[in-house]
Amino acid sequence: MIFLLRGNSNFELELEKSQTFTDTRMSKHFKHYDSYVTFMDKVKARNPHEPEFIQAVDEVARDILPFEEENQDYKGVKFFTRMIEPERVFIFRVPWIDDNGVFQLNRGFRVQMNSAIGPYKGGLRFHPSVNLSILKFLAFEQVFKNSLTTLPLGGGKGGSDFDPKGKSDNEIMRFCQSFMTELSKYIGNNADVPAGDIGVGSREIGYMFGQYKRIKGVYTGVLTGKGLSYGGSLIRSEATGYGNVYFSLNMLERNNIDIAGKVCTVSGSGNVAQYTTQKLIELGAKVVTLSDSGGTIYDKDGINDEKLAYVMELKNERRGRIKEYVEKYPSAEYLPGSRPWAVPCDLAYPSATQNELHGEDAATLVKNGCKGVFEGANMPCTPNAIEVFREYKILYAPGKASNAGGVATSGLEMSQNSLRLSWTREEVDQRLKEIMGRIHDQCVIYGEDKENGYVDYLTGANIAGFVKVADAMMAQGLV
Ligand code: NDP
Ligand code: 2IT
């Protein structure tokens, strides 16, 4: 039972230690350490070969197990033990025919994690890396995130190991139709409402919505992220990126930091990265990087509206690679195989995928003077990276709080569908801002260290998200 309690010593030494960080939260909860270890041993034994799921549970367990133990309302009722077991999981075959007439097969999933506070809600991911571990981690995080939005949304996630890259429009349509033919049995506007995630945007949602309607013969808001012509909400496309920037603004304002003129690094170049960049430009910040799985572009002059419009056309219409940016804008550099974190910045917005920012990257960010890291992606920072942020008191926004704007606006889309009307852009944007502000305030309430004023937003998000779900579970009995 060894805790590394580190001071602000030599930086290189810290970097070395970052390989063996132990969480400072458990150091605070020393007396609960043994039960935490026993709990996690069981989680590991029960969920073998699911490293991402175990990582996500571990990150929450360090806050929630001590919290349950120290609060009479929750002690002994094992809410958290129930919350890490999905209510159910569907795994199914997805056959389809490619443009050459060749039979293809993928695996489809839907993880229905928790419905205590509303119908299951969460995106669909199409990416070759998709497996049960990744979808369980995402569904688990989604439960806390959706709770934080204050909207009546349970948590779920789904997807397929299908790779949309290089596929024709017709192939995408045939795949989506086959996927929805099976998924349609398990979802419904009052039961489970999927949306997009990596590899699933408005094109895919459109094809899946069409197939659901054809099979079921009903026109309902069973998916969110729909096109504006058939029930979508204004601002839904922008919501995750905008929401993350609004969240960061709340954190920066609390610390008297002005965002204007700040140099920002953004990773990814998909939906979340694009609208994060758009909002940052609007606020007068300077975004200098974008990336994809091939590498990073570094534009030291900053990405402006015109350059961003080029990126949107490149990625969303031509489905190209980010390296093409430097052919169009030769003063920018392409860093093949690199992530953006070695580029000096004031603020970082990881917006690509899980575990894309490691302990070493976090140390580099700190060394370069970075003041805040705001997660647009789900779980982009590894546990070691988060420990570095804690150690150096860097502002750190966990994705379950800071990227909740996407699902929150999905919730607003569901409300509009139920009302059979559409709100204006300004109205949805205003609600989004308010929701992000409320999530921020909940994180402060549960995460502030009264002694030094430092807010641990991860602890705050974990506890605030947990309380609402646990209270609903308590009221509904042992189900
Ligand atoms: P997109 O598919 O639009 O874009 C994903 C981006 O991330 C692409 O640039 C992609 O590059 C890159 N990427 C994906 N996988 C990897 C990988 N393994 N290594 C390096 N780069 C990778 O997805 P989104 O923008 O919608 O999602 C980005 C993140 O935000 C995800 O973590 C998602 O879960 C999260 N999120 C999304 C929400 C939404 O509303 N869309 C809401 C909340 C969170 P490439 O093209 O090379 O694959
Ligand atoms: O991770 C997420 O929150 C999403 N992919 C959005 C989910 C949703 O239902 O809008």
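Brief remarks follow.
- Enumeration of residues in the stretch 423-467 that are open to solvent by 30 Å² or more (accessible area, probe 1.4 Å) and touching a Leu at 6+ places or on another chain (Cβ under 8 Å): W423, T424, R425, R431, Q442
- Subset of the stretch 280-315 [touching a Gly at 6+ places or on another chain (Cβ under 6 Å) and over 17 Å from C370 (Cβ atoms)]: G295, L314
Here is a yes/no grid of residues against (1) within 15 Å of S410 (Cα to Cα); (2) open to solvent by less than 50 Å² (accessible area, probe 1.4 Å); (3) within 16 Å of ligand 2 (Cβ to nearest atom):
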{"position": "P152", "(1), (2), (3)": "yes, no, yes"}
{"position": "K167", "(1), (2), (3)": "no, no, no"}
{"position": "S178", "(1), (2), (3)": "no, yes, no"}
{"position": "S184", "(1), (2), (3)": "no, yes, no"}
{"position": "G196", "(1), (2), (3)": "yes, yes, yes"}
{"position": "S202", "(1), (2), (3)": "yes, no, yes"}
{"position": "Y207", "(1), (2), (3)": "no, no, no"}
{"position": "K213", "(1), (2), (3)": "no, no, no"}
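- Among the conditions (1) touching a helix residue (DSSP H, G or I) at 6+ places or on another chain (Cβ under 8 Å); (2) under 23 Å from A352 (Cα atoms), the only one that M208 does not satisfy is (2).
- Residue check for F79: away from ligand 1 (no atom under 16 Å from the Cβ) and under 16 Å from Y186 (Cβ atoms): no
- Filtering the stretch 397-422 to residues that are more than 16 Å from ligand 1 (Cβ to nearest atom) and open to solvent by less than 20 Å² (accessible area, probe 1.4 Å) leaves only Q416.
- Set side by side, the residues N256, N250, N244 differ, and just one is more than 25 Å from D169 (Cα to Cα), within 12 Å of ligand 2 (Cβ to nearest atom) and either under 17 Å from the mean Cα position of the chain (by Cα) or not small (G, A, S) (or both), which is N244.
- Within the stretch 216-237, the set of residues being more than 10 Å from ligand 1 (Cβ to nearest atom) and in a helix (DSSP H, G or I) comprises K216, L228, S229, Y230.
- Flag for V288 being away from ligand 1 (no atom under 11 Å from the Cβ) and within 23 Å of L458 (Cβ to Cβ): no
- Filter result (within 11 Å of ligand 1 (Cβ to nearest atom) and open to solvent by 10 Å² or more (accessible area, probe 1.4 Å)) within the stretch 131-141: E141
- 2 or more residues open to solvent by 20 Å² or more (accessible area, probe 1.4 Å) and over 21 Å from A404 (Cβ atoms): qualifying strands (runs of 3 or more DSSP E) within the stretch 44-129: 88-97, 103-114
- Within the stretch 197-222, residues that are more than 20 Å from F109 (Cβ to Cβ) have Cβ atoms under 9 Å from residues that are aromatic (F, W, Y) and part of a helix (DSSP H, G or I) in these pairs: G206/Y230; G210/Y230; V218/Y212; Y219/Y230; T220/Y212, counting only partners at least 6 apart in sequence or on another chain.
The values are calculated or read from the model by the stated rules, or taken from the named source; none is laboratory data. As the structure is a computational prediction, the values presented were derived from the model and not from experiment. For neighbour counting, all protein chains shown are included, and Cβ atoms are generated from backbone atoms with ideal geometry for every residue, glycine included. These accessible areas exclude ligands, DNA and RNA; they are computed on the full protein's heavy atoms, side chains included. Shrake-Rupley method; radii C 1.70, N 1.55, O 1.52, S 1.80 Å.
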